[in-house]
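Reading through the structure tokens given below for one structure.
The values are calculated or read from the model by the stated rules, or taken from the named source; none is laboratory data. Because the structure is predicted, anything quoted here is derived from the model rather than measured. Reconstructed Cβ throughout: ideal geometry from the backbone, glycine too, with neighbour counts over all protein chains shown.
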Amino acid sequence: MSAFDLTTPGGRRRAVLDYLWHDHAYLRLGFSNAHWISHELVRTNQPWPFQLAAWARRGIRTVINLRGGMATSFRALEVDACARHGLELVDFVVASRDVPSAEKVLAARELFETVRYPALMHCKSGADRAGIMAVFYKHFRQGQSIREALSQLSPRYLHVRAGLTGVLDYIFERYLAEAEPTGQSFVDWVQSAAYDPVRLKAEFRAGWWGTQLTERLLRRE
């Protein structure tokens, strides 16, 4: 349950100030890292309430929150804004430094087949979690090969593969190196014994400079 009460002017002011500072929202006042990846889905960073209002006016029907339902100011403001502007809010928690379970991959496939479009999908920066989910969308919903869809994890979207967030790239690189040449589909691979999230994460090696960039300078979530 949220610790922020938006029913009073003072409570709303406290939520906005907390959002500005603790969620680094001041960086997103004029920058949304927004990219339409199809006619029905746009990926962005964490939107401000006024940005959600603007997206609603542009026809967005669903907001997919990849950060989860935490008791934070960003969550309270987003829930309130979606309710006020008639947007359906869907929580689908994804990690930026872990290998997703097979169940999570299959759930992502199901999400993209059942969500109401047009939809907006966001994490905090719109770079890493939005990136891996965009790969899944392109592969499962639009039928692109993993090799093609992997372009969604790119510096163009501010993704840094040299840091700990590079584990997201590593998942697909392993598939392309080991399973694709045998003709095995990506979804079959993630359901096979070869796909071990714990082992894959342990075998991944992040670059030191990329780690410094994502963890200390950018402070990616």
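Annotations for the structure displayed:
- Taking the criterion of being small (Gly, Ala, Ser) and at negative phi, the residues of region 171-193 that qualify are Ala177, Ala179, Ser185, Ser192, Ala193.
- Among the candidates Val93, Val99, residue that is touching a Gly at 6+ places or on another chain (Cβ under 8 Å) and not in a helix (DSSP H, G or I): Val93
- For region 1-52, filtering for residues that are in contact with a Gly (Cβ under 7 Å, 6 or more places away or on another chain) and modelled with pLDDT under 95 leaves 2.
- Considering region 106-162, the residues that are among the basic types (Lys, Arg) and not in a helix (DSSP H, G or I) include one that is nearest to the chain's Cα centre (by Cα), namely Lys124.
- Subset of region 18-43 that is in contact (Cβ under 8 Å) with a residue 24 or more places away in the chain and not in a loop (DSSP other than H, G, I, E, B) - its residue that is farthest from Gly131 (Cα to Cα): Asp18
- The single condition among (1) part of a loop (DSSP other than H, G, I, E, B); (2) of a type outside the set (D, E, K, R); (3) farther than 26 Å from Ser154 by Cβ that Ala81 does not satisfy is (1).
- Every listed requirement among (1) of a type in the set (D, E, K, R); (2) at pLDDT 90 or above; (3) exposed (fewer than 14 other Cβ atoms within 10 Å of the Cβ) is met by Asp169 save one, (3).
- Test: Val115 is at pLDDT 95 or above, farther than 20 Å from Ala56 by Cα and either surrounded by fewer than 24 Cβ atoms within 10 Å (Cβ to Cβ) or of a type in the set (Val, Ile, Thr) (or both): no
- Taking the listed residues Ile60, Ile64, the one that is assigned to a loop (DSSP other than H, G, I, E, B), surrounded by 14 or more Cβ atoms within 10 Å (Cβ to Cβ) and modelled with pLDDT of 95 or more is Ile60, with no other qualifying.
- Scanning region 44-53 for residues that are more than 19 Å from Val115 (Cβ to Cβ) and either touching a His at 6+ places or on another chain (Cβ under 8 Å) or in contact (Cβ under 8 Å) with a residue 60 or more places away in the chain (or both) yields Asn45, Ala53.
- Arg28 being farther than 25 Å from Pro155 by Cα, surrounded by 19 or more Cβ atoms within 10 Å (Cβ to Cβ) and among the basic types (Lys, Arg): no
- Residues that are surrounded by 14 or more Cβ atoms within 10 Å (Cβ to Cβ) and not aromatic (Phe, Trp, Tyr) within region 39-53 comprise Glu40, Leu41, Val42, Arg43, Thr44, Asn45, Gln46, Pro47, Pro49, Gln51, Leu52, Ala53, listed in sequence order.
- Test for Gly69: is it within 17 Å of the chain's Cα centre (by Cα), surrounded by fewer than 16 Cβ atoms within 10 Å (Cβ to Cβ) and within 27 Å of Val160 (Cβ to Cβ): yes
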